[in-house]
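The values are calculated or read from the model by the stated rules, or taken from the named source; none is laboratory data. Keep in mind that this is a model prediction, so the values were computed, not measured. FYI the Cβ positions are ideal-geometry reconstructions off the backbone, even for glycines, and counts take in every protein chain you see. To get the accessible areas, we keep the full protein, side chains included, count just its heavy atoms, and leave off ligands, DNA and RNA. Shrake-Rupley method; radii C 1.70, N 1.55, O 1.52, S 1.80 Å.
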Amino acid sequence: MISERDGRHFLEIARHAVSEASELIRSHAPGKLTDKGDRDLTSEVDLAVERFVRDFLHSKTPEAEFLGEEEGGRLTSSGLLWMLDPIDGTVNFLHGVPLCAVSLSLCEADTVIAAVIELPFIGAQYTALLGHGAYAGQRRLRVSQTSTLADALISIDQYTFGDDAKRKNRLRLRLTEYLAQRAQRVRMLGASAIDLAWTAEGRLDACIMLGNKPWDTSAGVLIAREAGARVLDHDGSEHSQQSASTIAVTPALEAEFMAAVRATLAE
């Protein structure tokens, strides 16, 4: 495992890369769109951000490999691996909705050691270093103390598309209906990185994504955990890169929220 000093060095590199990427997003229109599948799009800006961050990180950390959502890379690595979602919430970005994020993490083997999430249009940056807390700027993050669903603001992930979408969305609809009857409010933000960062910050009391693409979740998982969240798969096991789902919940709410998950996701 790398030293704390090296970890902080890598974190500063990541913060710089993400800040520059956010400026690219703010200063450019989406440009030409590319169809990746059923209602799944990428923009010229997604590609430009990924290429900029990849090249910047390679110049600063040539020893590390790179995996990006748009142009790929190697997921498995025994050494250092950067993982990037250049714009988490691309559809929001295309429609002028400011809920999108740049999400960047650094892994050593299967362990995420540093993470940065920035919301370009909101002006918030979230960071974490393994074992040293999560922050929004200089402010340390702590999850909420909410202990009942009746008092909880919950975020669920967006309805899905592509292969097997009908079955997957049936589960999402069942979960939405269950939570709508019991939680204070349910939200759908459309960006996993924001779901996880805002759970870390205590703006949300729990979030659930019925999927686990590593570039979407790895940075947010570390930030949420370092802020005190429980981060789990839908079966209640500890979340990992191999998990089927991604759930972050404040510890006081964990038992009731996971009971809701079990009650609605069993087919």
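Quick notes on this one:
- Test: residue in region 143-162 that is modelled with pLDDT under 95, more than 20 Å from the chain's Cα centre (by Cα) and over 14 Å from Tyr126 (Cβ atoms): yes
- Hey, Ala115 closer than 30 Å to Leu33 by Cα, surrounded by fewer than 22 Cβ atoms within 10 Å (Cβ to Cβ) and under 17 Å from the mean Cα position of the chain (by Cα) or not: no
- Scope region 254-265; condition in contact with a strand residue (DSSP E or B) (Cβ under 6 Å, 6 or more places away or on another chain) and open to solvent by less than 10 Å² (accessible area, probe 1.4 Å); matching residues: Phe257
- Taking first residues from region 16-31 that are outside any helix (DSSP H, G or I) and partners that are open to solvent by 40 Å² or more (accessible area, probe 1.4 Å), the Cβ contacts under 6 Å between residues at least 6 apart in sequence or on separate chains come to Pro30/Leu94; Gly31/Glu44.
- Hits in region 168-187 - residues which are closer than 24 Å to Cys100 by Cβ and loosely packed, with under 13 Cβ neighbours inside 10 Å: Arg185
- Looking only at region 102-126, and only at residues there that are in contact with a helix residue (DSSP H, G or I) (Cβ under 8 Å, 6 or more places away or on another chain) and of a type in the set (S, T, N, Q), the one that is farthest from Pro86 (Cα to Cα): Gln125
- Ser105 being closer than 26 Å to Glu69 by Cβ, of a type in the set (Ser, Thr, Tyr) and at pLDDT 95 or above: yes
- Reported count of residues in region 221-252, each being assigned to a helix (DSSP H, G or I) and either touching a strand residue (DSSP E or B) at 6+ places or on another chain (Cβ under 6 Å) or modelled with pLDDT under 95 (or both), is 7.
- Qualifying residues in region 131-152 (those that are free of Cβ contacts under 8 Å to residues at least 60 places away in the same chain and farther than 17 Å from Ile223 by Cβ) - the one least open to solvent (accessible area, probe 1.4 Å): Ala150
- Qualifying residue in region 210-217 (condition: at pLDDT 95 or above and either open to solvent by less than 10 Å² (accessible area, probe 1.4 Å) or over 18 Å from Ala150 (Cβ atoms) (or both)): yes
- In this structure, Ala200 does not qualify as assigned to a helix (DSSP H, G or I), open to solvent by 10 Å² or more (accessible area, probe 1.4 Å), more than 16 Å from Cys100 (Cα to Cα) and in contact (Cβ under 8 Å) with a residue 24 or more places away in the chain.
- Residue that is farthest from Glu23 (Cα to Cα) [pool: residues in region 118-130 that are in contact (Cβ under 8 Å) with a residue 12 or more places away in the chain and open to solvent by 60 Å² or more (accessible area, probe 1.4 Å)]: Leu130
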